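Asker: Handing you this structure, nothing more for now.
The values are calculated or read from the model by the stated rules, or taken from the named source; none is laboratory data. Not measured: the values here are computed from a predicted model. Cβ placement follows ideal geometry from the backbone for every residue including glycine, while neighbour counts extend to all protein chains displayed.
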Amino acid sequence: MAPPVNLLLVDDDEVDVQGLKRAFTKNRIGNPIVVARDGIEALEVLRGENGHDKLAKPHLILLDLNMPRMNGLEFLQALRNDEDLKAAVVFMITTSKAEEDKARAYGHNVAGYIVKQDPANTFMQAVSMLEHYWKIVEFPE
């Protein structure tokens, strides 16, 4: 049996973090969730730096766009330039509907771009989709 997928949620908005966690709980999904508040902290978690435990593989990243210090697009650029991390599966989850943001995110090979329109409903739909995704997709070791 495959190990559980570890989730890295990169979002500086506590309301969104709690909303996503509630959606996982309501869907009875017990996968480990690690939260990073910006792209810099997320890279530290993925690399096991600055006192963070390294996030075990397989992992999937849920990434907000607008954050302090290092935003989602800057994080994606750093991630894709890192030999050990460049193959990471990332779903952008954001309020931005801007075509430029979507194009730039997909240019950094995101697996999907999810717009938070009605956050509670969007989170439930996204979590349901993610659960189906990782149950049928095989991750490299």
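Asker: Just for the range 13-37: of the residues that are acidic (D, E) and within 17 Å of F91 (Cβ to Cβ), which one is surrounded by the fewest Cβ atoms within 10 Å (Cβ to Cβ)? Even if it seems obvious, please write down each step before you answer.
Answerer: Step one: list which residues in the range 13-37 are acidic (D, E), which gives 13-14, 16.
Filter again for within 17 Å of F91 (Cβ to Cβ), leaving 13, 16.
Details: D13: 15, D16: 20.
Out of the qualifying residues, it is D13.
Asker: Under 6 Å between Cβ atoms, at least 6 apart or on separate chains: pull out the pairs that start in the range 117-138 with a residue that is under 15 Å from I61 (Cβ atoms) and modelled with pLDDT of 75 or more and end on any residue that is surrounded by 11 or more Cβ atoms within 10 Å (Cβ to Cβ) and hydrophobic (A, V, I, L, M, F, W, C).
Answerer: A126/I114; V127/A23; V127/F24
Asker: Also, I was wondering about something else. Among the numbered conditions (1) among the aliphatic types (A, V, I, L, M); (2) under 17 Å from A126 (Cβ atoms); (3) at pLDDT 90 or above, tell me where M70 comes up short.
Answerer: (2)
Asker: Another question, then. Kindly indicate whether I93 is in contact (Cβ under 8 Å) with a residue 40 or more places away in the chain, hydrophobic (A, V, I, L, M, F, W, C) and out of contact with any strand residue (DSSP E or B) (no Cβ under 6 Å at 6 or more places or on another chain).
Answerer: When the stated conditions are applied, I93 does not pass them.
Asker: L60 passes all but one of (1) without any contact (Cβ under 8 Å) to a residue 60 or more places away in the chain; (2) surrounded by 14 or more Cβ atoms within 10 Å (Cβ to Cβ); which number fails?
Answerer: Status for L60: all satisfied but (1).
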